[in-house]
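The values are calculated or read from the model by the stated rules, or taken from the named source; none is laboratory data. Remember, it's a predicted structure, so these values are computed and weren't measured experimentally. With ideal geometry, Cβ positions are generated from the backbone for all residues, glycine too; neighbour counts draw on all protein chains shown.
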Amino acid sequence: MEVWIDQDLCTGDGLCVEICPPVFELLDDGLAYVKAVGATAISESGEAINKGATGRVLVPAELEDAVVEAAGDCPGECIFID
Ligand code: SF4
């Protein structure tokens, strides 16, 4: 399973981060981004990576249920799963 966020629709409420913090992260711009588990969603230069449909990450099997729950609860309907 892969997941990504359309930041243009994100409300920044942080619900996804509460549900599955290993995969979702709020950055300084107030928007949520996906991250590879154990990694970070910002580059060394401090810019957001994993942005939009091209910034999808692989979800470990044990986190799939939480990611599906986050996508279902997302008020912006902007968490996409493939
Ligand atoms: S739950 Fe959806 S709208 Fe809320 S911060 Fe996460 S991606 Fe953005």
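Just a few scattered comments:
- With respect to the stated conditions, V23 is of a type in the set (V, I, T) and under 16 Å from D82 (Cα atoms).
- Per-region count, the stretch 10-26, residues more than 7 Å from the ligand (Cβ to nearest atom) and in a loop (DSSP other than H, G, I, E, B): 4
- Output for the stretch 1-32, where each listed residue is charged (D, E, K, R) and surrounded by 19 or more Cβ atoms within 10 Å (Cβ to Cβ): E25
- Verdict on G38 being near the ligand (Cβ under 10 Å from one of its atoms) and surrounded by fewer than 19 Cβ atoms within 10 Å (Cβ to Cβ): no
- Flag for V57 being β-branched (V, I, T), within 12 Å of the ligand (Cβ to nearest atom) and either modelled with pLDDT of 95 or more or in contact with a helix residue (DSSP H, G or I) (Cβ under 7 Å, 6 or more places away or on another chain) (or both): no
- The single residue among E64, E77 that is within 11 Å of the ligand (Cβ to nearest atom) and touching a residue at least 60 places away in the same chain (Cβ under 8 Å) turns out to be E77.
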